[in-house]
Every structure is written in C-alpha cells, then in structure tokens.
1. Quick check: from the Cα gyration tensor, does segment 41-98 come out rounded (a/c under 1.5), prolate or oblate?
2. Given the pairs K5/K80; K59/K80; K11/K80; K21/K77, which span a C-alpha to C-alpha distance of over 27 angstrom in this model?
3. Put D54, D62 in order of accessible area, largest first, 1.4 Å probe: what do you get?
4. Calculate the dipole size of segment 27-90 relative to its Cα centre from +1 charges on Lys and Arg beta carbons and -1 charges on Asp and Glu beta carbons; express the result in debye to the nearest 20.
5. Could you order I42, I8 by accessible surface area, starting with the largest, using a probe radius of 1.4 Å?
6. To the nearest 20 debye, what charge dipole does the chain have about its Cα centre, counting +1 at the Cβ of each Lys and Arg and -1 at the Cβ of each Asp and Glu?
7. For helix 62-78, report the angle its Cα long axis makes with the longest principal axis of the Cα atoms of the chain; keep it between 0 and 90° and round to the nearest 10°.
8. Report the one residue of Y50, C19, F105 whose Cα lies farthest in the direction of the positive end of the charge dipole of the chain (charges on C-beta: Lys and Arg +1, Asp and Glu -1; origin at the Cα centre).
Amino acid sequence: MSYDKNNIFAKILRGELPCKKVYENEYVFSFHDIYPQKKIHILVIPKGEYIDFDDFINKALDKEILEFNRAVIYIVKMLKISNQENGYRLLSNIGKDGGQEVSHFHYHIFGGE
Ligand code: AMP
C-alpha cells in the first residue's frame, strides 16, 4: 500500500483543513481529535509521509523517530498529564483489524479523567 496524499491528516498538515493545534516543531504536528473520547484527546503525527507505526519505524530516520517520541513527552508535560501527574493513555491503531481510519501514522493521547 502506498501513502495516500489526500488523507485527512495530510490535508491538515498542508493547512487545507482546519484543526485545533496543540504543538508543532520541525518533525511533528499535534492537534485535538475532532471527536474526543476523553476530556483530553490529542493526536500526534509526524510531518513525514508514513502510513502507520510499522511504516514509520521501517522508513523514518532515527532522528524523526526520536523527535516524534520526545514530542509526545513534551506534549503530555505541557498538558499536565505526564507520569509525574495523573498519567495518560498512548495508543496507535494499525491497519484494518487495528481500527485505523486515517492512513497517516498517529498516536492518540488520552487523559484528563
Ligand atoms: P484512527 O481510527 O486511529 O485512524 O483515528 C483517527 C482519528 O482521527 C479519530 O479519533 C477521529 O475522530 C480523528 N479525526 C478524523 N478527522 C479529524 C479531523 N478533521 N480533525 C481532527 N481529528 C480527526
């Protein structure tokens, strides 16, 4: 399967669709999920074109993988839900049986309750 440049998150990255931005750096973009399942429900995506977790780990540069994971830690601290506070749930759906709807790799961060 090849990366679909017209997936929703690719459009958000290009600024073609609106979002409620939480954080951005050279490698990572983060925004509120449009249908939050918890008080805090944030999505974190790499700026590179990766379909899912496996694709990301297989194809991304070490620097991208490191910066992506560091961004998660930065964001949970920013939102005051880190392991030093009440904690959070980190999840990635992969493929059809994983329930992945948007084919641009993302982590869900759930917290706040
Ligand atoms: P997944 O099932 O892991 O692919 O999750 C996709 C997530 O993207 C779901 O939780 C959706 O609510 C969320 N979502 C879909 N469209 C948008 C959008 N335009 N802005 C923010 N989140 C979205």
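The values are calculated or read from the model by the stated rules, or taken from the named source; none is laboratory data. Everything numeric here is computed off the predicted structure, so don't read it as measured data. FYI the Cβ positions are ideal-geometry reconstructions off the backbone, even for glycines, and counts take in every protein chain you see. To get the accessible areas, we keep the full protein, side chains included, count just its heavy atoms, and leave off ligands, DNA and RNA. Shrake-Rupley method; radii C 1.70, N 1.55, O 1.52, S 1.80 Å.
1. Oblate is the answer for segment 41-98, as a/c is 1.5 or above yet b/c matches or exceeds a/b.
2. K5/K80; K59/K80; K11/K80
3. D62, D54
4. Approximately 400 debye in magnitude.
5. The most accessible residue leads, giving I8, I42.
6. Its charge dipole is roughly 400 debye.
7. 30 degrees
8. Farthest along the dipole direction, towards plus: C19.
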